[in-house]
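> One structure is given below, represented as structure tokens, and several questions about it will come after.
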Amino acid sequence: WSCGEAQGKPLAEVFHIIDGATREHSPNPMELAIQTGKTVELAANCILIRRDGSESSIEDSAAPIHDRSGAITGAVIVFHDVSMSKTITEEMARLAQHDGLTDLPNRMLLTDRINQAIATARRNGTRVAVMYLDLDGFKHINDSLGHDVGDKLLQSVAKCLVCCVRSSDTVSRQGGDEFVVLLSEISHATDASITARKILTALTSSHACNEANQHITLSIGLSTYPEDGEDAETLIKNADTAMYQAKEEGRNNYRFYKKDMNLQTIERQSVEADLRLALDRQEFVLHYQPKISLETGEITGVEALIRWAHPDRGRVPPAEFIPIAEDCGLILPIGRWVLREACRQAKDWMDAGLHVAPVSVNVSSLEFRNGDFIEGLRAILRETGLDPSYLELELTETVLMHHAESTSPVLRELKSIGVLLSVDDFGTGNSSLSYLKRFPIDSLKIDQSFMHDITANTDDATIVSAVITMAKSLKKCVIAKGVETVDQLTFLLAHGCDEGQGYYFNRPMVAQEFAKLLETDISATVWN
Ligand code: C2E
Ligand code: MG
């Protein structure tokens, strides 16, 4: 309003203010100041409607004007536009409650909503379900395809999750690849399992994150109010525990929380905590198991197998701690230690004048996909002075065939360094024969699960003999693992298998014992 236009108009028309929350017309503070004779503060969320209808948040106060005798003759209002600072404050409040990458509510807002949902459910006698979701193998995607692809995948997952639930439910991101969904009003636990199944199906479809669409699976843990907890924190914690159980049981599925799961989680967390200390405390040691030429009985190689001597638990087998180390990323420093120690030991044996065969080291998927792996390997070879042709890397079939396209260049680079490569656990994954032919692999190790019934079960026998024939035609060395009996050995010899490894020949042993074995005439001891 210009001064001239405003003059003579009713105050309410020129100075039109409303309550920002209710959108209702507010009493004019100047009139209030005149009526009460006191200073009147503008309400906190006061909005001024301008002549053109636009709105501004305003702040400040109105005060009465007195003449010399003290009589009230009018009022004055002083105000300023706070729209900008209000927008900033609101944005900051929003940011504090949302996740920057996906714009989903964060843990703080989620906790608030769960507690509200619990209060409502308590009144209405209904239930609340909390779902903890974790993407399977997300670390591998991030490590192998980069953080940009990882971020896009998380955004795509976030959108997909929002589509799977009702608008009254809350999808939140906890950080990393973990999401929590609140199903605020369910009458039965089965309602939650229907949503879990819907999410599992919806999310396994592909996500457009780069040229090649990404396929993922996820594991879900569920907890419900009132059964599994009376507050947000407990429900989230128990859903997380159930999620771990879903992962343990093979991933890409969901599990409801059960009380005895807690013990398992505590156990797992304590193993993880101890693993973090184990390297510093020098609790790891390598044992060595020979590979034997079936034709001559000579030692053709030796596999380094890690052992963990825990101060309280005693000897923890690798099957119990390697998967945990892989999950929490500790496999990277542990794997590097194994590689260095195996190379150092092999070089020591050589320097001692022993007739050493190549030492093989098991390499986990996370190590193989890690960008620093090759550099680390080169550094270790330099540092220990081991000739690369005396080192073999064992990679499982699943590791090689997963993202087979990106595997090829890594294998070629490893080959150019001069190390040997073998496929471990052969027969358990889904090998593509064309890749197998193209990959610069030296040998195939037949998984020991086929060995048990090789002499009785015709299926296993057929598979083993087929693998041997195939390996020969691909000109790769073939090794049978887990050879325990003379019957198995006879079968393998009859089918032309090159090498064997197993308790029939030797159990894994400490380094000194293996050195002694190298000193004796092994071909005589085994074959006589
Ligand atoms: P793997 O690579 O398949 O190793 C062979 C496993 O079979 C070893 O178990 C070995 O002790 C066992 N074994 C050897 N001969 C026989 C036999 O005749 N009968 C039977 N029943 N078993 C036999 P171990 O040492 O418990 O290792 C288990 C797995 O842990 C290994 O399987 C490997 O996948 C992993 N692992 C061991 N050391 C390392 C390591 O340094 N790094 C990584 N990433 N994984 C490792
Ligand atoms: Mg192995």
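The values are calculated or read from the model by the stated rules, or taken from the named source; none is laboratory data. Nothing here was measured: the structure is a model prediction, and the numbers come from that model. Cβ: placed from backbone, ideal geometry, glycine included. Neighbour counts: every protein chain shown.
> Considering the range 374-397 alone, what residues qualify as being surrounded by 15 or more Cβ atoms within 10 Å (Cβ to Cβ) and over 22 Å from V302 (Cβ atoms)?
Within the range 374-397, just I374 meets the criteria.
> Filter the range 408-430 for residues that are of a type in the set (S, T, N, Q) and buried (at least 20 other Cβ atoms within 10 Å of the Cβ) and give the result. Walk me through it before giving the result.
Looking only at the range 408-430, we keep the residues that are of a type in the set (S, T, N, Q), and these are 408, 416, 422, 428, 430.
Correct list: S422 only.
> For the range 158-189, how many residues are in contact with a strand residue (DSSP E or B) (Cβ under 7 Å, 6 or more places away or on another chain) and in a helix (DSSP H, G or I)?
Matching residues across the range 158-189 total 4.
> I'd like the full set of residues that are more than 16 Å from ligand 1 (Cβ to nearest atom) and farther than 15 Å from E413 by Cα, limited to the range 355-383.
The answer is H355, V356, A357, R382, E383.
> If you don't mind, there's one more thing I want to ask. What number of residues in the range 220-263 are of a type outside the set (S, T, N, Q) and assigned to a helix (DSSP H, G or I)? So that I can check it myself, show each step before the final result.
Within the range 220-263, the subset of a type outside the set (S, T, N, Q) is 220-222, 225-233, 235-237, 239-240, 242-244, 246-251, 254-261, 263.
In the following step, the residues that additionally are assigned to a helix (DSSP H, G or I) were identified as 232-233, 235-237, 239-240, 242-244, 246-248, 261, 263.
Here the count works out to 15.
> Check V419, V423 and return the single one that is more than 20 Å from Q345 (Cβ to Cβ) and of a type in the set (A, V, I, L, M, F, W, C). First the steps, then the outcome.
Numbers: V419 fails: more than 20 Å from Q345 (Cβ to Cβ).
When all the criteria are applied, what remains is V423.
> If I filter the range 281-305 down to residues being more than 11 Å from ligand 2 (Cβ to nearest atom) and free of Cβ contacts under 8 Å to residues at least 60 places away in the same chain, which single residue comes out as surrounded by the fewest Cβ atoms within 10 Å (Cβ to Cβ)?
Q282
> For the range 349-370, give me each residue that is polar (S, T, N, Q) and either more than 13 Å from ligand 2 (Cβ to nearest atom) or at pLDDT below 95 (or both). Before you say what the answer is, go through the steps one by one.
Filtering the range 349-370 down to residues polar (S, T, N, Q) leaves 360, 362, 364-365, 370.
Hits for the range 349-370 are S364, S365, N370.
> Checking D274 against (1) over 24 Å from the mean Cα position of the chain (by Cα); (2) crowded, with 17+ Cβ neighbours inside 10 Å; (3) acidic (D, E), which single condition isn't satisfied?
The single condition D274 does not satisfy is (1).
> Can you tell me which of A202, A192 is hydrophobic (A, V, I, L, M, F, W, C), over 19 Å from R107 (Cβ atoms), part of a helix (DSSP H, G or I) and touching a strand residue (DSSP E or B) at 6+ places or on another chain (Cβ under 7 Å)? Walk me through it before giving the result.
Values: A202 fails: touching a strand residue (DSSP E or B) at 6+ places or on another chain (Cβ under 7 Å).
On inspection, the qualifying residue turns out to be A192.
> Please find, within the range 492-516, the residue that is surrounded by the fewest Cβ atoms within 10 Å (Cβ to Cβ) out of those that are of a type in the set (A, V, I, L, M) and within 26 Å of D348 (Cβ to Cβ).
Restricting attention to the range 492-516, the residues satisfying the condition of being of a type in the set (A, V, I, L, M) are 492-494, 509-511, 515.
Right, trim to within 26 Å of D348 (Cβ to Cβ) and you get 509-511, 515.
Working: M509: 17, V510: 12, A511: 19, A515: 17.
Applying the filter and picking the extreme gives V510.
> Still on this structure, please answer the following. State whether one or more residues within the range 325-348 are touching a residue at least 12 places away in the same chain (Cβ under 8 Å), of a type in the set (S, T, N, Q) and surrounded by fewer than 20 Cβ atoms within 10 Å (Cβ to Cβ).
no
> Only one of these conditions is not met by I306: (1) at pLDDT 95 or above; (2) more than 16 Å from ligand 1 (Cβ to nearest atom); (3) out of contact with any Lys or Arg (no Cβ under 8 Å at 6 or more places or on another chain). Which number is it?
Exception for I306: condition (2).
> Take D351 and tell me if it is closer than 26 Å to E513 by Cβ and surrounded by fewer than 18 Cβ atoms within 10 Å (Cβ to Cβ). Give the steps one after another, and end with the answer.
Numbers: closer than 26 Å to E513 by Cβ: yes; surrounded by fewer than 18 Cβ atoms within 10 Å (Cβ to Cβ): yes.
So D351 passes the test.
> Considering every residue within the range 139-146, establish whether at least one is free of Cβ contacts under 8 Å to residues at least 60 places away in the same chain, under 23 Å from the mean Cα position of the chain (by Cα) and under 13 Å from L110 (Cβ atoms). Give the derivation first.
If we filter the range 139-146 for residues that are free of Cβ contacts under 8 Å to residues at least 60 places away in the same chain, which is where we start, we get 142, 146.
Okay, now just the ones that are also under 23 Å from the mean Cα position of the chain (by Cα), so 142, 146.
Remaining after also requiring under 13 Å from L110 (Cβ atoms): none.
The answer is no, given that none of the residues of the range 139-146 is free of Cβ contacts under 8 Å to residues at least 60 places away in the same chain, under 23 Å from the mean Cα position of the chain (by Cα) and under 13 Å from L110 (Cβ atoms).
Here's the yes/no breakdown for (1) within 27 Å of L109 (Cβ to Cβ); (2) of a type outside the set (S, T, Y); (3) assigned to a strand (DSSP E or B):
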residue: T22; (1), (2), (3): yes, no, no
residue: P27; (1), (2), (3): no, yes, no
residue: A33; (1), (2), (3): no, yes, no
residue: S56; (1), (2), (3): no, no, yes
residue: D60; (1), (2), (3): no, yes, yes
residue: A63; (1), (2), (3): no, yes, yes
residue: S69; (1), (2), (3): no, no, no
residue: T73; (1), (2), (3): no, no, yes
residue: T87; (1), (2), (3): yes, no, no
